[in-house]
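Peer 1: Let me begin by handing over the structure; questions about it come next.
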Amino acid sequence: METTQRLEVTDVTDQVRAAIPEGATGTVTVFSNHTTTGITVNEGEERLLNDFESALDSLVPDSGWEHDQIDANADSHIRAMLVGPSETIPVADGKLQLGTWQSVLLVECDGPRTRTIQVLSSE
């Protein structure tokens, strides 16, 4: 998937659903292989996603970090650490057992970039 902004939240629920084996029951773990992205479950409403981006931006200043001497993206790493790299979600009969308003969200903290997520099933 391609991200377009330095800090953005993208709903990846449909991609996760498509990766679940038909009839599977158990759990799936959605994992980001990147140190500057995170995965979370929450409501995918656009204004809330904008608020979440603003909150991460406010919590973690863009500059002034030691790691910035290497590649100027310490803020991205710290934001991703706050979110975490994965979520585990129950699955029944091949369907995600998310609540009514829950979505699986990819949190990009160092875009724009090409990102990959893994969806690992456990029965």
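Peer 1: Got at least one residue in the range 67-81 being touching a Gly at 6+ places or on another chain (Cβ under 7 Å) and touching a residue at least 24 places away in the same chain (Cβ under 8 Å)?
Peer 2: yes
Peer 1: Here is a further query. Suppose the filter is among the β-branched types (Val, Ile, Thr) and within 13 Å of Thr37 (Cα to Cα); does Val107 pass it?
Peer 2: Criteria met by Val107.
Peer 1: Can you give me the number of residues within the range 82-123 that are among the hydroxyl-bearing types (Ser, Thr, Tyr), in contact (Cβ under 8 Å) with a residue 40 or more places away in the chain and part of a loop (DSSP other than H, G, I, E, B)?
Peer 2: 1
Peer 1: So, Leu96, is that one surrounded by 16 or more Cβ atoms within 10 Å (Cβ to Cβ), more than 14 Å from the chain's Cα centre (by Cα) and more than 15 Å from His34 (Cβ to Cβ) or not?
Peer 2: yes
Peer 1: Go through the range 82-95 and count every residue that is more than 13 Å from Leu7 (Cα to Cα) and touching a strand residue (DSSP E or B) at 6+ places or on another chain (Cβ under 8 Å).
Peer 2: 9
Peer 1: Could you tell me which of the residues Asp57, Asp62, Asp68 is over 14 Å from the mean Cα position of the chain (by Cα) and more than 21 Å from Thr4 (Cα to Cα)?
Peer 2: Of the residues listed, the single one that is over 14 Å from the mean Cα position of the chain (by Cα) and more than 21 Å from Thr4 (Cα to Cα) is Asp68.
Peer 1: Next question, about the same structure. Among residues belonging to the range 99-123 that are of a type in the set (Asp, Glu) and surrounded by 13 or more Cβ atoms within 10 Å (Cβ to Cβ), point out the one that is nearest to Val30 (Cα to Cα).
Peer 2: Among residues in the range 99-123 that are of a type in the set (Asp, Glu) and surrounded by 13 or more Cβ atoms within 10 Å (Cβ to Cβ), the one nearest to Val30 (Cα to Cα) is Glu108.
Peer 1: What's the total number of residues in the range 36-87 that are among the charged types (D, E, K, R) and in contact with an Asp or Glu (Cβ under 7 Å, 6 or more places away or on another chain)?
Peer 2: 3
Peer 1: Here are some residues: Ala18, Ala24. Which one is assigned to a helix (DSSP H, G or I), within 21 Å of Ala92 (Cβ to Cβ) and not hydroxyl-bearing (Ser, Thr, Tyr)?
Peer 2: Ala18
Peer 1: Which one is nearest to Glu87 (Cα to Cα), of the residues in the range 1-56 that are among the acidic types (Asp, Glu), without any contact (Cβ under 8 Å) to a residue 60 or more places away in the chain and surrounded by fewer than 14 Cβ atoms within 10 Å (Cβ to Cβ)?
Peer 2: Asp14
Peer 1: Within the range 57-81, track down each residue that is surrounded by fewer than 14 Cβ atoms within 10 Å (Cβ to Cβ) and either in contact with a Phe, Trp or Tyr (Cβ under 7 Å, 6 or more places away or on another chain) or assigned to a helix (DSSP H, G or I) (or both).
Peer 2: Ser58, Leu59, Asp68, Gln69, Ile70, Asp71
Any read-out appearing in this document is the output of simple, stated calculations on the displayed coordinates, not a laboratory observation. If you're wondering where the values come from, they're calculated on a predicted model, not measured in any experiment. Every residue, glycine among them, receives a Cβ derived from its backbone with ideal geometry; neighbour counts consider all protein chains shown.
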